[in-house]
Amino acid sequence: MKLKTLNLLVGTTAALLLAANVAAAETPKRGGILNFVVGSKIPSMDGHMEGTFGMIHPIRPFYSTLIRVNPANPSSTTDFVCDVCSSFSSSDDGKTHTFAIRKDIKFHDGTPLTAADVKATYDKLVFPPKGILSLRKKFFNMVDTITTPDNYTLVMKLKYPSPTFIPSVAMPFNFIYSKKDLDTHGYKWHQKNVNGTGAFSFVEYQPGSHVTGKRFDGYHHEGKPYLDGYKAISAPKMAVRLQAIRGDRAAIEFRGFPPKARDDLVKALGDKITVQEGDWNCSLLVTPNHKAKPFDDKRVRRALTLAVDRWGGSKALSKIAIVKTPGGVVFPSHPLAATKDELSKIPGFWTDIKKSRAEAKRLLAEAGQSNLTFTLLNRAVDQPYRILGVWLIDQWRQIGVKVTQNAVPTGPWVDSLRKKKDYQVAIDANCQSIVNPIVDVSKFLGSASNNYAQYTDEPMEKMHAAMSRSGDQAEQRKIMRQFEQRVYGDEAHIIPTLWWYKINPHRSYVKGWKIAPSHYLNQHLDQVWLDK
Amino acid sequence: MYKYAVKRILLMIPTLIGAGILVFMLMRMIPGDICEIRLGGTGLMVDKEQIDICRENLGLNDSLAKQFLDFAVGIATLNFGDSMWTGRPVTEEISVRFQLTLQIAIMATLTAVIIALPFGVISAIKQNTWVDYCIRLFSIAGIATPSFWLGIMIILGLLIVSQQLFGEPWMMPIQFVPIWEDPLANLSQTIWPAVAVGYRYAAVVVRMTRSAMLEVLREDYVRTARAKGLFEKIIVNQHALKNALLPVVTLVGIEFAFLIGGLVVTEQVFNLNGLGKLFVDAVLDHDFTLTQSLVMMVVTVFVVVNLLVDLIYAWIDPRIHYT
C-alpha cells in the first residue's frame, strides 16, 4: 500500500514536473529575428488596393486592423477579436455596429490613434474618392454611414443587417492608416510608405529582395511582440523556399508547400521541422463557358461534373498536390457548410462513382455529345492548377470525353477569362482571405465580376440576396443548400474540384504561429517567438 | 579612332529608336492587361470601375500615339518613369538589381577567361593527345550542361555534404549584400552562380580559343618562326595567341553582354535579385514602362560592348585601323 502511495506520489510529482517543463518550454522567449520566405513580390504597400499575399506577408506586421481573427484560434471561421478596438457590439436590428477604440495606441511616428483615424481609413475603403482604388469596396456595400460620436467611438450604420459585415471588417487588408497621413500626403502615399500601429515598424524595403521590420516598443498588445524584428525575403521559386528552410536561411514560409516538399523536409531534418496542416479557403473550379456550344446545354455540364470522382481523387491527389477535401460551395468547417450526407446527394458528389459515370454517359448520349472533345484552358502553374487539370482530363476520359489542356501564363489566362471570353472550359480559382461564406459564394452569381461562365440565373441572385440580408443562421443555411444544389447540381453552372489543403512545414524553433484557413490570415506576427 | 568611336556612338541612336518602336508595339500585342492581372488575377471580385481606375492611373486609357510620345520623350530626357507594377521609379528598380547582375557577369567572365584561355591554348598545342581529349571532354560537358541544372546540383550538393559533415545543412545566402558591406557574405552568395554560369561560358570560349589557335598555328608565319628557331613559348604567346584572340574577344564580349539581363533561370535557381528575373517579371506582369526601359538598357549594353570589342581589336592587332 505504502509502495503504491509512494509510486503515485512519484508519478504525480513527475507528471507535474513534466507539465511545468512543458509550460516553461512554451513560455514565449523574447528576442531574435524571424527570417521567412515569400513566394511572390510586392506590388505596392497599400493593403487597400492589393490582393496578394506577396504584400500581406511582408507588410501586414506594420499595421493593425479594427478587428482580426483570433490569433489564439485562427483556424476558427467565426472567432473575431478586437485589434485597435477594446470592444464591439451590434444593435438588436443588426444595423448599427459600435466599436470602442483603445486609448493607448500610437502610430509608429508617435501620433496617437483615435476614432478619426479609423473613420478616415474606412472612408477610404468604403467611399473612396474618384480615382482611388479600393479593391474591397464591394464588401462594404451595406455600409450607410461611418461616424465618430467621440474621439474613441466609431459607429458604422448599415443600410440593412448583413451577416457578411463583421467578417469583412476583419479582413487583413484593412490596414488602419493615420488620418494625418491621408490628409497631409494624400491617398496614394501608403503605396510606397509605411506608418502603422502594428507590432513592427518599417526599416527597409529593397525591391525584389526583402522587407525588414523591427519591434515597435509602443505596440498596444501588452508584452508583444516577442521578436526583435523580422526579415521577409522574396523567393519566387518553390525549390529555393524549400532549400532555404532546409539550410536555415529562413525559418518558415507562410503560404504552403506541396506534400512532397513537406516529406522531403521532414526526412532531411526530422524533429527540427514542425508541420501544421489544414483546409485552405481556396478552391479551383471548372468553369464551362455557357455561351460556347455545347456547354450551354446543362446535360453536358452535368455529365462533366458527374464524371469526376472527388472522394477517390481526394485520396490520390492529396499525396501530390495541395488539394484534399471534397466540399460544397462553403468552406468545409464553417457552420454554413454542407455535411457529408448533404453533399453526397448533390450530383458529382455521389459516393457510387460507377452510377455517377453511367448517368454522365447517358446525359451525353441524350445531348448528342457522346464523342465530346474540348480544350481546357488552364493557368501554367503546377500547384495545383496543372496537376488538377491532368487529373480532370483523366476523369473525363472515363466517360469518353477527350480533352486537351492549354496551360498558359497568368496574363493570357486572365485575359481569356475576363476580356476575350474565348475559352470552352476553363479552370478558375476562388481564393479568399477571411472565411465569409455569403461573400465567398457570390462568385457563383452570374452577375459577379469574377464569374466568367457567362450565365444569368435569377433564382440564384434572389437566394443570395436573401442570405445576405438574413440574420438567422438556420435560414442562411437552408438557402445555402438550395443555392449549392442549383449551382453544382441542377444547373451545374460551375464544376467543383477539391478544396485546397494548406501545409506549412517550418523550423521547430518557430513558436506561437498557428495555421489559419487562409495564407492571408494571422500574419501580424505579434504572437510569434523563437525557441532558440 | 576618335572619329570612329563618335560615329559608332551616333549610330546607336537609330538602333535604339528601332528597338524602342519594336518593344513598344510588341508589349501591346501580348494578350493580357496589367490591371486585370493585378486586380483580377487572384480571383477577387473586381468590378469594371476598379479596373478603369487602375487603367486611368497608369495612363493605359490614353491613345497609343500619346503613350508612345510619353515613352519617347521619357527616353530622350532620361526620365524612364515609374514601374506600372510597383509605382517606384524604373531607375530605382533597375539600379538595385544592376549591381548584382554586373558582379555576377564580371565574376563569370573572369572565371571563364581564366579557365578558357590556358585550356584552349594547351588543347591546341597538345592536339590529339590525352590532354586535348580531357579538355575537349571538359568543354563539351560544359556546353551540354545547362547552368541552372549545375546550379541546382551545387545547392543540393552543399546541403547534403554540409549536413553529413557538420550535422546541419548549409545553404548559401539568398539575399544580396554588397561586397563593400560584407565581402564574405557577398562572395558566399555570388561565387556559386558565377561558377555555374562561368563553366558553360568557359566551355564555349575554350572551344573557340582552341579552334582559333589551331588555325593560327598552321599559318606560314608561325612555320617561319619555328624555322627561325624561336622558342615555342614565344611563338605561342607572342605570335599565335595574339592573332587567335580576335574571335575570342568577340565571343567574350557577346557573352558578357548576354549576362546582363540574360541570366533568367540561374537567377531564379540561386534566388538572385538580378535583371534577368526583373525582365521576366516585367514582361509577365505587362509592366510596359519597366519592360521598355529594360529593353533599351540591354540594347545599349550590347551596342556599347560591341563598340568596345571593336576598339579592343585595334589594340590587339595593330594592323587594324579605324578611320
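The values are calculated or read from the model by the stated rules, or taken from the named source; none is laboratory data. Every value quoted in this text rests on a predicted model; they were computed, and no experiment measured them. No Cβ is skipped: glycine too gets one built from the backbone with ideal geometry, and neighbour counts run over all protein chains shown. When the accessible area is computed, the model is the full protein with side chains, heavy atoms only, and any ligands, DNA or RNA have been set aside. Shrake-Rupley method; radii C 1.70, N 1.55, O 1.52, S 1.80 Å.
To the nearest µm²/s, what D does Stokes-Einstein give for the stretch B:160-290 at 25 °C and 0.890 mPa s, using the Kirkwood radius over alpha carbon pairs as Rh? Diffusion coefficient, whole number: 133 µm²/s. The lysines whose alpha-carbon is closer than 16 Å to the alpha-carbon of A:K159, local same-chain residues fewer than 8 away aside, are A:K95, A:K137, A:K138. For the stretch B:2-76, the solvent-accessible area with a 1.4 angstrom probe is 54 square angstrom per residue. Extension gain for A:T153 to A:A474 (0.36 nm times residue separation, less C-alpha to C-alpha distance): 112.3 nm. Per-residue shielding of A:205-213, expressed as the average number of other chain Cβ atoms within 10 Å of the residue Cβ, stands at 5. If you model the stretch B:94-316 as an ellipsoid using its alpha carbon gyration tensor, with each semi-axis the square root of five times an eigenvalue, the axes come out at 36, 24, 14 Å, biggest first. For chain B, modelled as a Gaussian network with Cα springs under 10 Å, which listed residue fluctuates most, B:A282, B:A196, B:A65? Sorting by GNM fluctuation, first place goes to B:A65.
In this label model, B:V161 and A:V266 are separated by 3.1 nm, measuring between points 7 Å along each Cα→Cβ vector. Placing unit charges on the Cβ atoms of the charged side chains and taking the dipole of the protein assembly as shown about its Cα centre, the candidate lying farthest along the positive direction among B:V23, A:M49, A:Y226 is B:V23.
The stretch between B:K126 and B:A72 holds 13.9 nm of extra length on full extension. This uses 0.36 nm per residue minus the Cα-Cα distance.
Given a 1.4 angstrom probe, what's the average accessible area per residue across the stretch A:32-113, in square angstrom?
Working: 2480 Å² over 82 residues.
On a per-residue basis, 30 Å².
Inter-chain neighbour count for A:244-250: the average number of beta-carbon atoms from partner chains within 10 Å of each residue's beta-carbon is 6.
Please compute, over every Cα-Cα pair in the stretch B:2-76, the percentage with a separation greater than 21 angstrom.
When all Cα pairs of the stretch B:2-76 are counted, 46 percent exceed 21 Å.
For the stretch A:123-211, the Kirkwood estimate of hydrodynamic radius, built from reciprocal distances between every pair of different alpha carbons, is 15.2 Å. Counting only protein heavy atoms and a 1.4 Å probe, the stretch A:352-401 has 47 square angstrom of accessible area per residue.
Think of the protein assembly as shown as having a plus end and a minus end, set by charges on the Cβ of Lys, Arg, Asp and Glu; of A:H334, A:P172, A:H524, A:H334 sits farthest toward the positive end of this dipole. Chain B and chain A together bury an accessible surface of about 4800 square angstrom, both sides counted, with a 1.4 Å probe and no ligands or nucleic acids included. Protection proxy ranking of B:88-100, A:245-257, by the mean of other Cβ atoms within 10 Å over each peptide's residues and highest first, is A:245-257, B:88-100.
Using only atoms on other chains, find how many Cβ atoms lie within 10 Å of each Cβ of peptide B:166-172 and report the average. Could the numbers behind the result be given before it?
Working: counts 0, 0, 5, 8, 4, 9, 3.
That works out to 4 on average.
Report, in debye and to the nearest 20, how large the dipole of the stretch A:440-503 comes out about its Cα centre when Lys and Arg carry +1 and Asp and Glu carry -1 on their Cβ.
220 debye
Counting protein heavy atoms only, the protein assembly as shown has 61 percent of its accessible area on carbon and sulfur, 1.4 angstrom probe. Counting only Cα atoms, the stretch B:1-153 measures 73, 51, 27 Å along its principal axes, largest extent leading. Of the beta bridges in the protein assembly as shown, as assigned by DSSP with both residues counted there, near 75 percent are antiparallel. Inter-label distance, A:D109 to A:D217: 2.1 nm, where each label sits 7 Å from its Cα along the C-beta direction. Membrane-span-like helices in chain A, defined purely by DSSP H runs whose alpha carbon atoms cover 30 Å or more axially and whose average Kyte-Doolittle hydropathy reaches 0.0, are A:2-26. Only the Cβ atoms of Lys and Arg (+1) and of Asp and Glu (-1) were treated as charged; on that basis the dipole of the protein assembly as shown about its Cα centre amounts to roughly 1640 debye.
Could you list log10 I(q)/I(0) for the protein assembly as shown at q = 0.04, 0.08 Å⁻¹, which the Debye formula gives when each Cα is one point scatterer? Evaluating at q = 0.04, 0.08 Å⁻¹ gives log10 I(q)/I(0) of -0.22, -0.83.
Each Lys or Arg adds one and each Asp or Glu takes one away; over the other residues whose Cβ falls under 15 Å from the Cβ of B:I143, this sums to +3. The helix-only estimate of mean residue ellipticity at 222 nm for the protein assembly as shown, built from DSSP H runs of length n ≥ 4 each weighted as -39500 (n - 2.57), is -14500 deg cm²/dmol after division by the residue total.
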